[in-house]
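In what follows, a single structure is set out as structure tokens and then discussed.
Readers should treat all values here as calculations from the given coordinates under stated rules, not as data from a laboratory. Since this is a predicted model, take the numbers as computed values, not measurements. Here the Cβ is made from the backbone with ideal geometry for all residues, glycine too, and neighbour counts use every protein chain on show.
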Amino acid sequence: MKILIPLHNFITWNGGVDLIRLTVTALRSIADEQPLQLVFAMPEAWPGETREATQLRAMTHEFTRGWPVLDCGDDGRSIGRLAVEVGATIVFPSMQPIRGSHVRKVGYIYDFQHRDLPRNFSAAERAQRDEQFTAIAANSDAIFTTSRFVAAAVQRHLGVPAQRVLVMPFTPYAQPSWFATESADAQARHATGERYAMICNHFWIHKDHATALRAFAQIVQRPEHSDLHLVMTGATSDFRDPAHFEGIVALIRSLGIESRCRILGLIPKGDQIALLRAARVLIQPTRYEGGPGGGSSYEAIGLGLPAVLSDIPVNQEARADGVDYFRAGDVGDLADTLLRVLALPRHEPAIDALLEQSQARLRHAGRSLLAGLQGLMLPRVA
């Protein structure tokens, strides 16, 4: 099977790069079982491309190694033409509707937040997403999602039959490169202190930092946690509410926990992983995600770090050893759950054991994906 993987749109945000990395790594892990050829379509750099976008583009080099990476126009027709030129069996996954090509196509839909939380979007944004998703479904043989939660929404909102929805298994894993940076070096570089919890979310409205901050303020009043800090990474701007981050900073001040909180913003991935390795717990208070727990939960669970997640439906798919849940938005329940987790002795799994477990998870995901793709040689979605 020859798979054309369009990097279009995916290389515009960290989560997209992480998803393609996971998909490719899972397929690569079973290359000894199945003959696979991967070809990557790389959109041309656009005028005025941001530094972050250029960095994300460069990050693809680590997982495309050994396979062709071909320049491609930034539209679905260009992707379709390239698929024919290289003799691809299937295009997977694509965030662009690909019209007029006989090659099998699997579209990707990330979530339906615009339907589930419409207040976070303007009427024009909601209409644009509906139009985009409808076009992707109408021009794809199947739809790819990262959760059963979104898969059900694809069926409900777009009328795609269940047998035409391919779901990525929840696959937390650790990469060997994650252990190249010493945690102590990252801690010193970012002045985190030795004992801390982490939140690795952008400061967006639906991520609900406020609940976590209020719970943290209760915890640090207890003598046994007088040395605990809260380290937060992620972009500090939300285009939907430019004042949101300032509100979070004001809340930290009003709670009297300024000296306990470290807002690092966007930091190198290697540093973020190194800090996670030394953390006591990951807190994921989010009110909405397309994939189980968001990207940081994959990383924390892959590292064997305890993770406390909000109990929203999609997060229920992230069940694994070391995962606990609290009622979303409930400050007291989060504080109680964190106190239970923090009372446990800290356990740092051996690196070899983590990598062995990760490889087993990746092979499971790779086999599942390949089986799904092989089963798609049927008429396209209506």
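Suppose the Debye formula is applied to equal point scatterers at every Cα of region 121-181; what is log10 I(q)/I(0) at q = 0.20, 0.27 Å⁻¹?
-0.78, -1.12
Hey, if you put +1 on the Cβ of every Lys and Arg and -1 on every Asp and Glu Cβ in the chain, which of 308, 128, 160 ends up farthest toward the positive end of that dipole?
160
Counting pairwise Cα distances across region 284-366, what percent come out greater than 15 angstrom?
60
Using packing as a proxy for protection, rank 303-312, 336-345 so that the peptide with the highest average count of other Cβ atoms within 10 Å comes first.
303-312, 336-345
Please enumerate, by chain and number, the lysines with C-alpha under 25 Å from the C-alpha of residue 2, excluding those fewer than 8 residues away in the same chain.
Output for residue 2: 105.
If each of residue 70 and residue 350 carries a label point 7 Å out from its Cα toward its Cβ, how far apart are those two points in nm?
Distance between label points: 4.6 nm.
How long are the semi-axes of the equivalent ellipsoid of the chain, defined as square roots of 5 times the Cα gyration tensor eigenvalues? Whole Å, largest first.
Working from the Cα gyration tensor, I get semi-axes of 36, 23, 20 Å.
Please quote Rg/Rh for region 1-156 to two decimal places, taking the Kirkwood radius as Rh and restricting both calculations to Cα atoms.
Value, to two decimals: 0.96.
Among 374, 335, 350, whose Cα sits farthest toward the positive end of the charge dipole of region 291-382 (+1 at Cβ of Lys/Arg, -1 at Cβ of Asp/Glu, about the Cα centre)?
Farthest along the dipole direction, towards plus: 374.
Measure off 7 Å from each Cα along the Cα-to-Cβ vector at residue 364 and residue 124, then give the distance between these two points in nanometres to one decimal.
Reported label-point gap for residue 364 and residue 124 is 4.5 nm.
Count the net charge of all other residues whose Cβ sits under 9 Å from the Cβ of residue 8, scoring Lys and Arg as +1 and Asp and Glu as -1.
Result for the local shell: -2.
Under 5 Å between amide H atoms, partner at least 5 residues away or on a different chain: which partners does residue 104 have, H built in plane at 1.01 Å?
Those lying under 5 Å, H to H, from residue 104 are 91.
Enter the per residue convex hull volume of region 176-349, computed from alpha-carbon coordinates, in Å³ rounded to the nearest integer.
Residue-normalised Cα hull volume stands at 110 Å³.
Report, in deg cm²/dmol and to the nearest 500, the calculated mean residue ellipticity at 222 nm for the chain, where each DSSP H run with n ≥ 4 adds -39500 (n - 2.57) and the sum is divided by the residue count.
Helices in the chain give a 222 nm mean residue ellipticity of -12500 deg cm²/dmol.
Which percent of Cα pairs goes in each bin when the distances of region 224-292 are cut into 10 angstrom slices starting at zero?
All Cα pairs, binned at 10 Å, distribute as 15, 44, 36, 5 percent.
Could you point to the residue in 87, 150, 54 farthest towards the positive end of the chain's charge dipole, with +1 and -1 charges on the Cβ of Lys/Arg and Asp/Glu respectively?
87
Which value, in debye to the nearest 20, describes the size of the charge dipole of the chain about its Cα centre when Lys and Arg Cβ atoms bear +1, Asp and Glu Cβ atoms bear -1, and nothing else is charged?
Roughly 700 debye, rounded to the nearest 20.
For region 1-67, just say rounded, prolate or oblate: build the C-alpha gyration tensor, square-root its eigenvalues into a ≥ b ≥ c, call rounded for a/c under 1.5, and beyond that prolate if a/b exceeds b/c, oblate if not.
prolate
Give the calculated FRET efficiency between residue 340 and residue 258 to the nearest 0.05, with a Förster radius of 22 Å applied to their Cβ-Cβ distance.
0.25
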